[in-house]
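Written out below as structure tokens is the structure these notes cover.
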Amino acid sequence: MKQIKTAKQLTFTYFSIVAFAIIAFHFSMFTSMIENIEMIYAENRMLKDKNTAVSLLNGTQKTHVSVPPFSEVYVGKENLPPGIVLAANIIDDKPFELDEDSDTMEEMFSMRSQVMLNGEMKEIYVIHYDEIYEISEEQMFETQSTQLMLSLLLLIVSLWVVMRISDRLTKPLSLLSQRLGERSPANLSAIELPEGAATREIRQLVDRLNSYQIQIRDLIERERAFNRYASHELRTPLMVMKGATTLLGKSDSKAFLERQRARMIQACQEMEDYITTLLSLTRDEDLDTIATRTVQPSELENIRQMHLGYVMAPDVSVNVVLEGQIITKLPIPTFHILVGNLVKNALACTEEGRVDLVVSDNVLSVIDTGCGLSGKPGGESYGLGLMIVRDICEKYKCTFSLQDNELAGCTASVVFPVYQ
């Protein structure tokens, strides 16, 4: 398996590559500069010496003349000294180094020119050697060596600074990775910001991880709630079905059998609604894609009829009061569970009087005349039923409130969002 490098190793590798590239570029530029300066100097000097030689050769039959202190001028290629081999690509009035086959160890330049001598056009060759320049060139290389040492020292200091910066940037990540590795799978608490996390990116990373932790915690909580709700809410319809099944064998009366059949159908429907609702609470859904619908009065009447069996006293009535309409995205089973739980809690707290389902525009209120929030309900408590209500309201962006009435009892209200 290929070994993965750390951030420090990558920083050192990349910095080394860049440093060596800078040094190589620096040397190549310096060498090129030396050669260009040398060529420019030789060209200017040889052009001057050529003009001096022309003035010395005119009026004479000489084929060679010295132009002190650095040049020798020859008329015609055949008069060049033995051992002088010209460059193959020589161009007029341009300086060229002698060919490597020349019999000399010195760095000499040559220049060919077409000039008018004694009324005739002739070729002359200028051979140039500057001993002082060669010595100064060596001195320049010595100076460059000193500069190279200083450059290397500067690169070492820069590398140290870069490694310190890299360590400062990567240390919080290392600490964060270490802490995450030490956490148990069940630990979903907020992740603390590592020491020295001065960069915005580290803070954003920790915030995103904590946001992800919250999502996981919410998902686990939804699963736990599903198990808790299912075990509690499905127990009642199962007991109804079990009791109805037992009673079926005790009478052959058609009316009796029809009543038990109706009880079983109602219990099955209640179980189906609960399972559909609880499963929907564990899923993430895009509410924008869900179509709206208008709650029909028949739905409320069906809910009223289904929960008359929860009336604990004969002096309690359940009524539906229509003062408006509700437009919602809640599915029918979920809406039934929402309203049913509010009605069951109201009936559990009411020993006499009435429970009203009041429907106004996008507001549903369940008003009872029972013991109120401070009293102890006579039947099922406020626990899981209202927790399911709150979870449904949270998912579908509804507002749930529960408060005491002025005279008696309490009012549970659900405000549905208004959709455009």
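The values are calculated or read from the model by the stated rules, or taken from the named source; none is laboratory data. Note that the structure is predicted; figures quoted are calculated from it, not measured. A quick note on method: Cβ atoms are made from the backbone with ideal geometry, for glycine too, and the neighbour counts reach across all protein chains shown. With ligands, DNA and RNA removed, areas are computed over all heavy atoms of the protein, side chains included. Shrake-Rupley method; radii C 1.70, N 1.55, O 1.52, S 1.80 Å.
The figures follow:
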| read-out | value |
| --- | --- |
| Conditions (1) modelled with pLDDT of 75 or more; (2) within 49 Å of the chain's Cα centre (by Cα); number of the one not met by ASN227 | (1) |
| Yes/no for GLN147 being under 47 Å from the mean Cα position of the chain (by Cα), farther than 30 Å from LYS77 by Cα, open to solvent by 80 Å² or more (accessible area, probe 1.4 Å) and at pLDDT below 80 | yes |
| Residue count, the stretch 76-88 (criterion: open to solvent by less than 50 Å² (accessible area, probe 1.4 Å) and of a type in the set (S, T, N, Q)) | 0 |
| Within the stretch 53-72, tally of residues that are more than 16 Å from ASN118 (Cβ to Cβ) and surrounded by 12 or more Cβ atoms within 10 Å (Cβ to Cβ) | 5 |
| Among residues of the stretch 295-325, those that are part of a loop (DSSP other than H, G, I, E, B) and open to solvent by 50 Å² or more (accessible area, probe 1.4 Å), counted | 6 |
| Checking TYR41 against (1) part of a helix (DSSP H, G or I); (2) hydroxyl-bearing (Ser, Thr, Tyr); (3) crowded, with 16+ Cβ neighbours inside 10 Å, the condition it does not meet | (3) |
| Some residue of the stretch 5-18 being within 30 Å of VAL157 (Cα to Cα) and not in a helix (DSSP H, G or I) | yes |
| Some residue of the stretch 68-83 being more than 23 Å from GLU106 (Cα to Cα) and of a type in the set (S, T, N, Q) | no |
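Residue by residue, here is whether (1) open to solvent by 80 Å² or more (accessible area, probe 1.4 Å); (2) of a type outside the set (Phe, Trp, Tyr) holds:
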residue	(1), (2)
ILE37	no, yes
ASN51	yes, yes
TYR74	no, no
ILE90	no, yes
LYS94	yes, yes
ASP99	no, yes
VAL115	no, yes
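Here's the yes/no breakdown for (1) touching a residue at least 24 places away in the same chain (Cβ under 8 Å); (2) open to solvent by 50 Å² or more (accessible area, probe 1.4 Å); (3) not aromatic (Phe, Trp, Tyr):
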residue: ALA346; (1), (2), (3): yes, no, yes
residue: ASP361; (1), (2), (3): yes, yes, yes
residue: LEU364; (1), (2), (3): yes, no, yes
residue: LEU373; (1), (2), (3): yes, yes, yes
residue: ARG390; (1), (2), (3): no, yes, yes
residue: VAL418; (1), (2), (3): yes, yes, yes
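Each row is one residue, and each column tells you yes or no for (1) loosely packed, with under 12 Cβ neighbours inside 10 Å; (2) of a type in the set (Asp, Glu); (3) touching a residue at least 12 places away in the same chain (Cβ under 8 Å); (4) in contact with a helix residue (DSSP H, G or I) (Cβ under 7 Å, 6 or more places away or on another chain).
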| position | (1), (2), (3), (4) |
| --- | --- |
| MET264 | no, no, yes, yes |
| GLU270 | no, yes, yes, yes |
| SER280 | no, no, yes, yes |
| LEU287 | yes, no, yes, no |
| ARG293 | no, no, yes, no |
